[in-house]
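**Q** Got a structure for you, written out below as structure tokens; questions coming shortly.
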Amino acid sequence: MTEQQELRGGVNVVRRYGDVVHRPAAPATPAIHRLLRHLHDHGFHGAPQPRGFDSEGNEILTFLDGEVPNALTPELRTPEVLATAAVLLRGLHDASVTFRPRPDDRWLLPIRQPAEVICHGDAAQYNCVVKDGRAVGFIDFDAAHPGPRVWDIAYAVYRFAPLQGPDNPESFGTPQEQGRRTAEFCRAYGPEAGAEVIDVVPDRLQALVDFMHDQASQGNEAFQQHIAEGHADLYEADIRYVQSHRDELRTAFAEA
């Protein structure tokens, strides 16, 4: 019998059995499974592949080998991790361009126009598989949804640059250093990513805060707990930080 290993899974309990993981399914799961198969068929291999469902209705996905960091510790704040995460996100977006959502697809997050690609929706270090000093995959596509590239890039640079204030325990670097890292991420992603991503970050975070409160008001205990623990307050503080340091961040971006 394959030994069970429980993995950290955000709001979900995730269990690994050998080369697959079992995790709770959701209303968006059918659309996400079609997306994951599409990504693989179109040359993007940095995502899990669906392998059906277990007897309890949990989805089964292939396991991506590597480490999934909860935070960007000093050894992970390298140009290589930053650039490979950007290239990985670009590959995901490019492979998703030809994916055709169905009218009955039920995405967790609202579709955002222009729906250029399928956004990962939570492209952060805690959903990024790192191996040998490089980002090699993204996991947890629960928040995937159609949207513009910049919407996904904005959240990624919020996490990877990071565009966070000093009160955030995951923050590091001065605004100048954060602006330069944002530029490095965008340069690795490609010409679609420019300095305007800095201006999108507050809107992206506000949408997240609004979603959290909406879910909590509907009785979602996980989001109620997140709000009680101060997560929404932290996002709102980071919104104010990015807005108040916008000029410094954009200047550093331009000079990088």
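**Q** So how strong a dipole does the chain carry about its Cα centre when Lys and Arg Cβ are +1 and Asp and Glu Cβ are -1, to the nearest 20 debye?
**A** Dipole magnitude for the chain comes out near 600 debye.
**Q** As an exercise, find the ratio Rg/Rh for the chain from alpha-carbon atoms, using the Kirkwood inverse-distance average for Rh.
**A** Here the Rg-to-Rh quotient is 0.95.
**Q** Taking the beta-carbon count within 10 Å as an exposure proxy, list 201, 87 from fewest neighbours to most. Can you show the working numbers first?
**A** On the way: 201 26, 87 17.
Least to most surrounded, the residues fall as 87, 201.
**Q** Do any chymotrypsin sites (Phe, Trp or Tyr not before Pro) in region 53-127 lie in a loop, going by DSSP, with at most 12 other beta-carbon atoms within 10 Å of their beta carbon, and if so which?
**A** On the way: sites: 53, 63, 99, 107, 126; in loops: 63, 99, 107.
For chymotrypsin sites (Phe, Trp or Tyr not before Pro) across region 53-127 that sit outside H, G, I, E and B with at most 12 neighbouring Cβ atoms in 10 Å, the list is empty.
**Q** Towards the positive end of the charge dipole of region 74-255, with charges on Cβ (+1 Lys, Arg; -1 Asp, Glu), say which of 215, 163, 234 has the farthest Cα.
**A** 163
**Q** In whole Å, what is the distance between the alpha-carbon centres of region 149-166 and region 81-102?
**A** Region 149-166 and region 81-102 have Cα centres separated by 16 Å.
**Q** Moving on. From the phi angles alone, apply the Karplus equation (6.51, -1.76, 1.60; θ = phi - 60°) to region 43-53 and give each ³J(HN,Hα) in whole Hz, x where the residue is Gly or Pro.
**A** Once rounded to whole Hz, the list reads x, 9, 10, x, 8, x, 10, x, 10, x, 9.
**Q** Related question: Give, as ranges by residue number, the residues of region 27-52 whose backbone N falls under 15 Å from the point 7 Å along Cα→Cβ of residue 211.
**A** 27-29, 32
**Q** Amide H neighbours of residue 136 under 5 Å, counting only residues 5+ apart in sequence or on other chains, H built in-plane at 1.01 Å?
**A** 129, 130, 131
**Q** A follow-up question, please. Residue 42's amide H: which non-local residues (gap 5+, or another chain) put their own amide H closer than 5 Å, with H modeled 1.01 Å from N in plane and none for Pro or chain starts?
**A** Residues meeting the criterion, in which the H sits 1.01 Å from N, do not exist here.
**Q** So, with +1 on the Cβ of K and R and -1 on the Cβ of D and E, and no other charges, what is the size of the charge dipole of region 204-256 about its Cα centre, to the nearest 20 debye?
**A** That gives a dipole near 160 debye.
**Q** I would also like to ask the following. Binning every alpha carbon pair distance of region 4-62 at 5 Å from zero, what are the percents per bin?
**A** 4, 19, 28, 26, 16, 6, 0
**Q** For region 84-184, just the Cα set please: Rg and Dmax, both in angstrom.
**A** Spelled out, the Cα radius of gyration and Dmax of region 84-184 are 14.4, 45 Å.
Each reported figure results from applying straightforward, stated rules to the coordinates on display, with no laboratory input. Values in this document were obtained by computation on a predicted structure and should not be read as measured data. Glycine also receives a Cβ, built like all others from the backbone with ideal geometry; neighbour counts cover every protein chain displayed.
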